[in-house]
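To start, the structure under review is shown below, and the notes come after it.
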Amino acid sequence: AQKVTQAQTEISVVEKEDVTLDCVYETRDTTYYLFWYKQPPSGELVFLIRRNSFDEQNEISGRYSWNFQKSTSSFNFTITASQVVDSAVYFCARGTSYGKLTFGQGTILTVHP
Amino acid sequence: GAVVSQHPSWVICKSGTSVKIECRSLDFQATTMFWYRQFPKQSLMLMATSNEGSKATYEQGVEKDKFLINHASLTLSTLTVTSAHPEDSSFYICSARDSPSGTGDTQYFGPGTRLTVL
């Protein structure tokens with residue numbers, strides 16, 4: 001199976017610290033898609049970003065930034081100046097052209113005041 | 001836009017009964033819907049892919065006779081857990097995409113349904 005690995009099971013930081021969540025994926029496909037989702041305690045998955053395999057440009061959205069490195073099959077996610085509201089489980093996922101998603105194990109992020 | 005709803009949000013049932021969960025795309029037509037299961041503190045596992053007007057495609061290890069999926073319209077898919085047992089207790093999440101197969105567009109997730117079987 002082509003796995004998605006999130007090496008950090010849990011991360012704990014203090015507010016205003018920067019934090020990076022790692023994601024490494026396996027794929028045999030030429031075309032694929034990478035995603036990050038946030039799952040707060042309510043359980044609903046919140047879409048954060050989608051990247052296709054042909055677009056290695058890094059992206060910044062407010063305090064969030066993503067670093068896609070095809071050479072190392074990594075798609076890392078950084079939160080700058082973390083806030084308590086960022087506390088959640090974050091999932092990285094790889095998708096096929098037909099929409100099938102494989103999720104990583106998730107990283108539990110706790111931001112302390 | 002791109003809102004997906006699920007009903008009910010939680011359900012408690014007795015062992016041996018059947019439970020139906022609905023997944024609706026509220027502001028778009030979903031050609032494909034997906035059903036996931038998530039056990040506590042675990043990741044989401046894809047159970048099946050549901051295409052409007054055709055039979056669902058189940059992942060390996062998922063019993064199609066136990067988890068009946070119907071995608072009768074472009075805005076509604078249902079998952080029926082038949083003869084539920086305590087081990088079926090889980091968080092069931094659906095997602096929907098509005099693009100034709102082959103473009104890998106974003107899936108939008110419903111809020112989930114927490115099933116507890118006593």
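The values are calculated or read from the model by the stated rules, or taken from the named source; none is laboratory data. These figures come from a predicted structure and were not determined experimentally. Here the Cβ positions follow ideal geometry from the backbone for every residue, glycine too, while neighbour counts run over all protein chains shown. What goes into the accessible areas is simple: the full protein's heavy atoms, side chains included, and nothing from ligands, DNA or RNA. Shrake-Rupley method; radii C 1.70, N 1.55, O 1.52, S 1.80 Å.
Summary table below
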quantity: Scope region A:64-113; condition within 14 Å of chain B (Cβ to nearest Cβ), in a loop (DSSP other than H, G, I, E, B) and out of contact with any Gly (no Cβ under 8 Å at 6 or more places or on another chain); matching residues; calculated: A:Lys100, A:Gly104, A:Gln105, A:Gly106
quantity: Options A:Ser87, A:Ser71, A:Ser97, A:Ser82: the member that is open to solvent by 10 Å² or more (accessible area, probe 1.4 Å), of a type in the set (Gly, Ala, Ser) and touching a strand residue (DSSP E or B) at 6+ places or on another chain (Cβ under 7 Å); calculated: A:Ser87
quantity: Enumeration of residues in region B:64-93 that are exposed (fewer than 15 other Cβ atoms within 10 Å of the Cβ) and in a helix (DSSP H, G or I); calculated: B:Pro86, B:Glu87
quantity: B:Ser83, sole failed condition from (1) touching a strand residue (DSSP E or B) at 6+ places or on another chain (Cβ under 9 Å); (2) among the polar types (S, T, N, Q); (3) at pLDDT 95 or above; calculated: (1)
quantity: Verdict on A:Gln57 being open to solvent by less than 60 Å² (accessible area, probe 1.4 Å) and assigned to a loop (DSSP other than H, G, I, E, B); calculated: no
quantity: Scope region B:31-78; condition within 17 Å of B:Ile93 (Cβ to Cβ) and among the polar types (S, T, N, Q); matching residues; calculated: B:Thr32, B:Gln38, B:Gln42, B:Ser43, B:Thr49, B:Ser50, B:Ser77, B:Thr78
quantity: Residue match in region A:53-61 (condition: among the β-branched types (Val, Ile, Thr), at the interface with chain B (Cβ under 9 Å from one of its Cβ atoms) and more than 12 Å from the chain's Cα centre (by Cα)); calculated: no
quantity: Residue count, region A:11-52 (criterion: within 10 Å of chain B (Cβ to nearest Cβ), part of a strand (DSSP E or B) and not hydrophobic (A, V, I, L, M, F, W, C)); calculated: 5
quantity: Filter result for the condition that a residue is without any contact (Cβ under 8 Å) to a residue 12 or more places away in the chain, within 11 Å of chain A (Cβ to nearest Cβ) and of a type in the set (Gly, Ala, Ser), over B:Ser9, B:Ser43; calculated: B:Ser43
quantity: Any chance B:Ala30 is more than 29 Å from A:Gln6 (Cβ to Cβ), open to solvent by less than 30 Å² (accessible area, probe 1.4 Å), in contact (Cβ under 8 Å) with a residue 24 or more places away in the chain and assigned to a loop (DSSP other than H, G, I, E, B); calculated: no
quantity: Given (1) within 15 Å of the chain's Cα centre (by Cα); (2) modelled with pLDDT of 95 or more, index of the condition A:Glu17 fails; calculated: (1)
